[in-house]
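Okay, structure first, notes after.
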Amino acid sequence: MSARRITALLRKEMLQIFRDPSSIAIAIVLPIFLILLFGYGLSLDPKDIPVALVVENPTPVSAGVGAAFGLSRYFRITTVTSMKKAEDLMREGRVDGIVRLGQNFDRRLLIGTAPIQVIVQGVDANRARIIEGYARGAIGQWMGQRNSAGADSSVGPVVVQSRIWFNADSDSRYFLVPGLVVLIMTITGALLTAMVMAREWERGTLEALFVTPVRAGEILIGKTVPYFLLGMAGLLLTASTGRFLFHVPLRGSLLVLTAVSALYLCVALGFGLLISSITRSQFVAGQIALIAAFLPAVFLSGFIFDLASVPKAVRLVSYLLPARYYVSLLQTLFLAGDIWSIIIPDCAVMLVMLLVLFGLTLRKTKKRL
Amino acid sequence: MESLRRIAALIWKELLAILKDPRSRFVVLIPPLLQGLVFGYAATYDLNRVRYAVYDQDRSDASRQFLAMIDGSGTFRRIANLGDQREIKSIIDDRQAILVVQIGSDFERRLLTGQPADVQVIADGRNSNTAGTALNYIATITDAFNSRWRSAKGLTSPPVEPSARAWFNPNLETRWFMIPGLIGMLTLVQMIVITAMSVAREREQGTFDQLLVTPFRPIEIMIGKSAPSVLIGLVQVTMVLALAIFWFRIPFQGSLLNLYPGVLLFLVAAVGIGLMVSSVAGTMQQALLGSFLTITPLAMLSGLNTPISNMPAGIQYVTLINPLRYVIVIAHKVFLEGASLRYIFPEMWPLALIAAFTLSFAVWMFHRRLM
């Protein structure tokens, strides 16, 4: 290893990065865009849900139900007088739910049990389930108001008091922002590196490097360090925006966050290097990085979807993904704190992955004549 | 006529270039199928294995009945019975359980004396959506327990009984929503990348210049470059569609004749975006990274992962130029609602407009670069 040779390689790589606007765009512009989008745009929490309220014969009671839905910040009510009109609105996609008070609602309320029908547009099942829950809540509230004078038979016998730890208001940004860090690190680590290295292979410039006194290990260092720095810059950007702009808490320590991120970034870089040295073609390397690194980081990492609920075979695949461990670490570090019983095993797995990946890459890049 | 023959020759050459290389053939055909399969299983908000722990201070018949209903629901797996309040923290912190159900020591006594009995449920909010869904399941189970308890003890039922029903997806399975949506998502990625990269590769290897000195007109080159991608896209769509219908058994309510026109427009629009990217990109690296810079926002703002109606109004307007948004709605409407052309027409004409715009923009850019 020679410091002078490595510095020269680093300089060359840095120049290349700064001269090509596309790497900067990926490493800096994309993260900024994504964080603003995740912070301000994307949310799993419905609001202003358009709902049709079917009242066949309006009375003060039905007006009370309407008011309960209208007061809820989740709903926007359109009152119609027949079920057919409501169904038409739903088919045209103008409302996402129908609340129907049965005929003679008032009278049946007095003699016993009055039916309220809630129909939701079920295509987006997750949203539908949330809407259903909100509708029950609004009805419960209305009943509570009605019964506040007399005995409260609407409540109980068993009442669930629920608390969500680490995210009491159930703000979906709290888990979207840590997930975003994973995406950004995967993009710079695996995708960018795979492309850059594959280009050298494809153009034969790597062979040109081989005839120089530069060693394989030095080439790898020269290639990875600049992208490592780019990735860490992305982390800094995302974590600080999340913390200061969107008030996502960072309950763990900054030091641990930096350390585990550096570890994951190295694994991602190793993966990118391995892909490029196997495929040696930009087209294929780019595609594989996309398919084997980026998309699984979205779908199979536990970032959005719960991994415990997927079939066993798919779950086994997810154990092979470094992103899975990193997502678990980030969610814990951001929201719960430094929990060593999670940090140590997850880091150990990533460390093993790192060694395997770099070993394989080094063997594949060994100078060949 | 002459022009048609030239275009056909170019399309043939392009198809051969992609399909003759075993590695790129693999990349074009296998991943959509594999991804459809894996993500089809993974991309679900439904829970079926919620690990939970119990801290039952009452240990009465009533509390056992309540817990038996949770265990019997098929969704929850009890992993521990806690004997101490302090264990709750560690079992949640370590992610062994995502839910802890705590029953106070006066549970049965309060129930029998007609007072409301509290059950504390603590959820791990590190993924608050999962936590919310699990709590929703608990609420449903509690409702069932309550009505069973009331009828067993001869208590009066509550004055209002809400009944809920879902249209088009009666059991509210997220998979029915995600997989038809994946048809658009997976092909969008492939269309943009394949098109952008195939032009950039020619440019980087200098064969694009050779193409330009042939009698081909720029418009013919554009058609020759885009038609093969559209054909590959149709194959990919059909593969994922078959997977959805025959493997995942999602009921296909509509007609293929209503689905494919929209899909075709979408593919043309996506290829147009790929061409736009390649017309700005000078190298393959720029083409790939450029595709990536385009795909990410398109995917995020498609409404598949998070509903468009939850977004702020300004961003909702931005999604109007996103072709993915429309094809996902078309897929859902045809697939689940069995919608006829009348109901999907509002999604078709924006797609046609977007396709026309992206293609003509790309042609214009190529012309400009050639001058």
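Among residues of the range B:317-371 being in contact (Cβ under 8 Å) with a residue 12 or more places away in the chain and among the small types (Gly, Ala, Ser), the one that is nearest to the other protein chains (Cβ to nearest Cβ) is B:Ala339. Of A:Ser43, A:Ser23, which residue is open to solvent by less than 70 Å² (accessible area, probe 1.4 Å), within 13 Å of chain B (Cβ to nearest Cβ) and not in a loop (DSSP other than H, G, I, E, B)? Every option except A:Ser23 fails the conditions.
Within the range A:164-223, the residues that satisfy the criterion of being in a loop (DSSP other than H, G, I, E, B), within 31 Å of the chain's Cα centre (by Cα) and polar (S, T, N, Q) are A:Asn167, A:Ser170, A:Ser172.
Only a single criterion out of (1) assigned to a helix (DSSP H, G or I); (2) open to solvent by less than 10 Å² (accessible area, probe 1.4 Å) is not satisfied by A:Arg243, namely (2).
Can you tell me which of B:Thr75, B:Thr113, B:Thr140 is over 23 Å from A:Pro311 (Cα atoms), surrounded by 14 or more Cβ atoms within 10 Å (Cβ to Cβ) and not acidic (Asp, Glu)? Outline the logic, then answer.
Details: B:Thr75 fails: over 23 Å from A:Pro311 (Cα atoms); B:Thr113 fails: surrounded by 14 or more Cβ atoms within 10 Å (Cβ to Cβ).
Matching residue, one of B:Thr75, B:Thr113, B:Thr140: B:Thr140.
Within the range A:221-234, which residues are out of contact with any Asp or Glu (no Cβ under 7 Å at 6 or more places or on another chain) and open to solvent by less than 10 Å² (accessible area, probe 1.4 Å)? Listed by number, the residues that qualify are A:Tyr227, A:Gly231, A:Gly234.
Among the listed residues B:Leu293, B:Leu298, which satisfies the condition of being more than 26 Å from B:Ser3 (Cα to Cα), open to solvent by less than 40 Å² (accessible area, probe 1.4 Å) and part of a helix (DSSP H, G or I)?
Values: B:Leu293 fails: open to solvent by less than 40 Å² (accessible area, probe 1.4 Å).
Exactly one of B:Leu293, B:Leu298 is more than 26 Å from B:Ser3 (Cα to Cα), open to solvent by less than 40 Å² (accessible area, probe 1.4 Å) and part of a helix (DSSP H, G or I), namely B:Leu298.
Close Cβ contacts (under 6 Å, 6 or more residues apart or on different chains) running from residues in the range B:103-114 that are within 10 Å of another protein chain (Cβ to nearest Cβ) to residues that are of a type in the set (Asp, Glu) and crowded, with 16+ Cβ neighbours inside 10 Å comprise B:Ile103/B:Asp56; B:Ile103/B:Asp58; B:Phe107/B:Asp58. A Cβ distance below 8 Å, combined with a sequence gap of six or more or placement on separate chains, defines the contacts here; from the range B:229-243, residues that are of a type in the set (Ser, Thr, Tyr) reach residues that are in a helix (DSSP H, G or I) and open to solvent by less than 20 Å² (accessible area, probe 1.4 Å) in the pairs B:Ser229/B:Met191; B:Ser229/B:Ile194; B:Ser229/B:Thr195; B:Ser229/B:Ser198; B:Ser229/B:Leu267; B:Ser229/B:Val271; B:Ser229/B:Gly274. Residues being farther than 21 Å from A:Phe69 by Cα, without any contact (Cβ under 8 Å) to a residue 24 or more places away in the chain and either among the basic types (Lys, Arg) or not assigned by TED's automatic domain parsing to the domain that holds A:Ser281 (or both) are represented in the range A:195-206 by at least one member.
Take B:Gly303 and decide whether it is at the interface with another protein chain (Cβ under 9 Å from one of its Cβ atoms), surrounded by 19 or more Cβ atoms within 10 Å (Cβ to Cβ) and outside any loop (DSSP other than H, G, I, E, B).
Details: at the interface with another protein chain (Cβ under 9 Å from one of its Cβ atoms): yes; surrounded by 19 or more Cβ atoms within 10 Å (Cβ to Cβ): yes; outside any loop (DSSP other than H, G, I, E, B): no.
No.
Got a number for residues in the range B:184-239 being within 14 Å of chain A (Cβ to nearest Cβ) and of a type outside the set (Val, Ile, Thr)? The number of residues fulfilling the criteria is 17. Within the range B:100-123, the set of residues being of a type outside the set (Val, Ile, Thr) and part of a loop (DSSP other than H, G, I, E, B) comprises B:Gly104, B:Ser105, B:Asp106, B:Gly114, B:Gln115, B:Pro116. Taking the criterion of being open to solvent by 60 Å² or more (accessible area, probe 1.4 Å) and within 17 Å of B:Ser24 (Cα to Cα), the only residue of the range B:206-234 that qualifies is B:Leu231. The residues of the range B:80-98 that are facing another protein chain (nearest Cβ under 9 Å) and buried (at least 20 other Cβ atoms within 10 Å of the Cβ), listed by number, are B:Ile92, B:Ile98.
Based on what the data block shows, is A:Ile187 touching a Leu at 6+ places or on another chain (Cβ under 9 Å), of a type outside the set (D, E, K, R) and without any contact (Cβ under 8 Å) to a residue 12 or more places away in the chain?
Values: touching a Leu at 6+ places or on another chain (Cβ under 9 Å): yes; of a type outside the set (D, E, K, R): yes; without any contact (Cβ under 8 Å) to a residue 12 or more places away in the chain: no.
Answer is no for this residue.
The values are calculated or read from the model by the stated rules, or taken from the named source; none is laboratory data. The structure displayed is predicted, hence computed values, not measured ones. Methodologically, a virtual Cβ is constructed for each residue, glycine included, from the backbone with ideal geometry; neighbour enumeration extends over all protein chains shown. Accessible surface is based on the protein model in full, side chains and every heavy atom, while ligands, DNA and RNA are left aside. Shrake-Rupley method; radii C 1.70, N 1.55, O 1.52, S 1.80 Å.
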